[in-house]
Amino acid sequence: MNAIEQLRENVISDLLDLSTMKKVWPKWSQEISKNISNYPPTNKELRDLGNNLYTIFKGTSSGTRSQDEVSGGGAAWEGLVCWYLNLCLIGSRTVIIKSKKAHIPEAIQSAISVNYGNFKSNTESDLLAITFPDSPEITGEYIGEPKNVLSLLSPVVENRFHETELVIIQCKTNWNDNAQIPMLWDLIYSSQGFKGETTVGSNGYSHKKLQKFSYAFVTVPTVNPDKIKNTSTCVKRVQNLSGGNFWGLPSKTGVAMNLAEILDKNFQTTLQSYKKGWNSEVSNEIREKNINDYFKVQ
């Protein structure tokens, strides 16, 4: 196992150990299994699974809008998206990380900070998708302690920052209530500069120096999807995001893309790194890299 795969295992293990995920995973894992004929899943089954994330998520939703339900549902949706995308990209140099400093290189944290005078703020970055540089230091066998893997990955990102890619993925359950948030953050990161004391980036790192940077939005949605049209305000607010807008349903022209399409939209470098192509290799990568079933999918 190389350092990148060790980080992926750390991320998923921590994710599935969260109390929110422990509550929903027994039900979700059963529903996920219904979409997989045999283990490991085929490339088509993985893509089709993206069409059913809405149904899987709604299977454990009470339908209420209490604060606890909203908060817990949001964390669970982030977790499901993180789990799914990491399974799709296993064996690659891309890891999707649910925001936790212990898993994120400091250079990345610095690059996306927004500074208002002497006050530093970070984007609502529910998930960070980092594509690490193609360096033998981190693609070779990792023999260190699992918990110390970031100490190897961080210096490589710092030294080869211009070869690193980043996608910020904001996840929200309710599209109507939250569409303006990713729109405004994407505007901030797309800006060529601000008047006054507002700056983006710190400690000499800027997202503009990355090999590629984009901002994406992923929703369930919890509202009736049939009511969402290409003319809806929530759609208009996110239709031009640099990283695209996605949901856990089949793609609907002019509204949202199926989550699986985020692979083609934002991770071309990653897909091209599979020597025989992602479609040909992903099943075997899952078989080889998920030996101890830390994804809890077998």
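The values are calculated or read from the model by the stated rules, or taken from the named source; none is laboratory data. In this text the structure is predicted, and so the values were computed from the model without any measurement. Virtual Cβ from ideal backbone geometry, glycine too; neighbours counted across all protein chains shown. Each accessible area value is taken on the protein alone, full model and side chains, heavy atoms only, with ligands, DNA and RNA left out. Shrake-Rupley method; radii C 1.70, N 1.55, O 1.52, S 1.80 Å.
Between THR198, ALA256, VAL95, the Cα set farthest toward the positive side of the dipole of the chain (charges on each charged residue's Cβ, about the Cα centre) is that of ALA256.
Count the DSSP beta bridges whose two residues both fall in the chain, then state the antiparallel fraction as a percent rounded to the nearest 5. Don't jump to the answer; show the numbers that get you there.
On the way: 20 of 33 bridges.
The answer is about 60 percent antiparallel.
Rolling a 1.4 Å probe across all protein chains gives VAL11 an accessible area of roughly 10 Å².
Across the range 92-98, computed HN-Hα scalar couplings (Karplus, 6.51 cos²θ - 1.76 cosθ + 1.60, θ = phi - 60°) run 9, 8, 9, 10, 9, 10, 6 Hz from first to last residue, x flagging Gly and Pro. Along the axis of the charge dipole computed for the chain (Cβ charges of +1 for Lys and Arg, -1 for Asp and Glu, origin at the Cα centre), the listed residues ASN148, ASN10, TYR189 are led at the positive end by TYR189.
Select one label from (i) 33; (ii) 41; (iii) 37: the one whose number is percent of Cα pairs over 29 Å apart as derived from the coordinates shown. Entry (i). Per-residue surface analysis assigns ASP17 an accessible area of about 90 Å², computed on protein heavy atoms at 1.4 Å probe radius.
Once you have the Kirkwood Rh of the range 234-298 from its Cα pairs, apply Stokes-Einstein at 25 °C and 0.890 mPa s and quote D in µm²/s. Display every interim value, and only then the final one.
Details: Rh = 14.0 Å.
The Stokes-Einstein estimate is 176 µm²/s.
Given their separation in residues at 0.36 nm each and the Cα-Cα distance between them, ILE36 and LYS147 gain 36.8 nm when the chain is fully extended.
For THR198, the amide hydrogen comes within under 5 Å of the amide hydrogens of GLY117, counting only partners 5 or more places away or on other chains and with H modelled in the peptide plane. Ranking of SER283, SER190 by solvent-accessible surface, largest first: SER190, SER283 (1.4 Å probe, protein heavy atoms only, all chains present).
Report the residue, chosen from ILE168, ILE143, ILE112, that carries the largest GNM mean-square fluctuation when the chain is represented by alpha-carbon nodes joined by springs under 10 Å. Taking springs between Cα atoms under 10 Å, the residue moving most is ILE143. Annotation: amide H-H contacts under 5 Å for PHE246 (H modelled 1.01 Å from N, sequence separation of 5 or more, or interchain): PHE217, VAL218, THR219, MET257. Of all beta bridges that DSSP places with both ends in the range 122-272, some 35 percent have antiparallel geometry. Nearest 0.05, what FRET efficiency do ASN240 and ASN176 give at R0 = 25 Å with Cβ-Cβ as r? According to the calculation, E is roughly 0.85.
Classify the range 174-275 from the C-alpha gyration tensor, please: rounded if a/c falls under 1.5, else prolate or oblate depending on whether a/b exceeds b/c.
The shape class here is oblate.
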